[in-house]
Amino acid sequence: MSFNICVLASGGGTDLQAILDACESGDIDGKVTLVIANNPGAYALERGKKHGAESILVNHRGMSREEHEKLVAAEIDKHHIDLIVLAGYIRMFTPYFVNRYEWKIINIHPSLLPDFGGPGFHGLNVHRAVLEAGKKESGCSVHFVNEEVDGGPVIGQLAIPVLEDDTPETLQSRVLAKEHILLPMVVQWFAAGLVVVDKNTGEVSVKGSK
């Protein structure tokens with residue numbers, strides 16, 4: 001049985017491309033069957049179409065968050081999705097959506113959570129904050145999505161050193177390169193059934209990892 005992946009994206013979709021490529025190379029034992037964007041200009045939709053995924057615009061403008069989420073959920077439910085991946089999806093979810101797909105939604109964030117997560121920490125804001133704090137290390141995290149922004153349990157992380165001459169833009173570029181490694185790797189963990197969640201404590205572990 002195929003492992004069906006839905007990717008939600010708002011922009012260019014480079015993290016989505018990393019997942020698509022990994023599926024086609026066999027590094028992920030699954031398929032991106034659905035791509036949803038909330039932004040009419042999202043190039044992620046074109047990326048999805050090129051790789052045979054049904055790619056759908058669900059524009060959020062002119063409706064409440066929950067109204068929009070119900071439309072997104074209707075598309076997800078049609079496709080029998082096993083894992084929902086937020087890859088540069090610039091929307092905060094209501095409890096309706098998070099609870100409907102509990103333990104099935106993951107997000108990639110450009111910092112080593114719990115540092116530099118939460119409201120306002122997105123895009124260059126994250127990397128600017130890392131540099132202003134004088135951190136020697138940064139990176140990216142994949143975590144479960146819950147009702148707290150960037151607050152769900154972390155599943156995996158990759159770190160990089162912060163260089164003396166880094167700018168927010170150069171740091172963003174180097175972290176993004178790690179995102180393209182980490183996100184497909186974590187998706188494969190799910191496809192292979194390696195992610196274990198203790199639903200009583202919320203603790204997450206990966207089979208075979210120390």
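The values are calculated or read from the model by the stated rules, or taken from the named source; none is laboratory data. Note that the structure is predicted; figures quoted are calculated from it, not measured. Quick reminder, even Gly has a Cβ in these numbers, built from the backbone with ideal geometry, and neighbours come from all protein chains shown.
Below, the figures for the structure above:
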{"read-out": "Residue in the stretch 126-142 that is small (G, A, S), over 23 Å from Q188 (Cα atoms), out of contact with any Cys (no Cβ under 8 Å at 6 or more places or on another chain) and at pLDDT below 95 present", "value": "no"}
{"read-out": "Of all residues making up the stretch 186-210, the number that are in contact with a Pro (Cβ under 9 Å, 6 or more places away or on another chain) and surrounded by 15 or more Cβ atoms within 10 Å (Cβ to Cβ)", "value": "2"}
{"read-out": "Strands (runs of 3 or more DSSP E) completely within the stretch 1-85 that count 1 or more residues being closer than 19 Å to V145 by Cβ", "value": "4-9, 31-37"}
{"read-out": "Failed condition for V85, given (1) over 23 Å from K199 (Cβ atoms); (2) surrounded by 22 or more Cβ atoms within 10 Å (Cβ to Cβ); (3) of a type in the set (V, I, T)", "value": "(1)"}
{"read-out": "Residue among E75, E46, E54 that is charged (D, E, K, R), closer than 24 Å to C23 by Cβ, without any contact (Cβ under 8 Å) to a residue 40 or more places away in the chain and surrounded by 15 or more Cβ atoms within 10 Å (Cβ to Cβ)", "value": "E54"}
{"read-out": "Qualifying positions in the stretch 128-178 - in a loop (DSSP other than H, G, I, E, B), more than 13 Å from the chain's Cα centre (by Cα) and at positive phi", "value": "G134"}
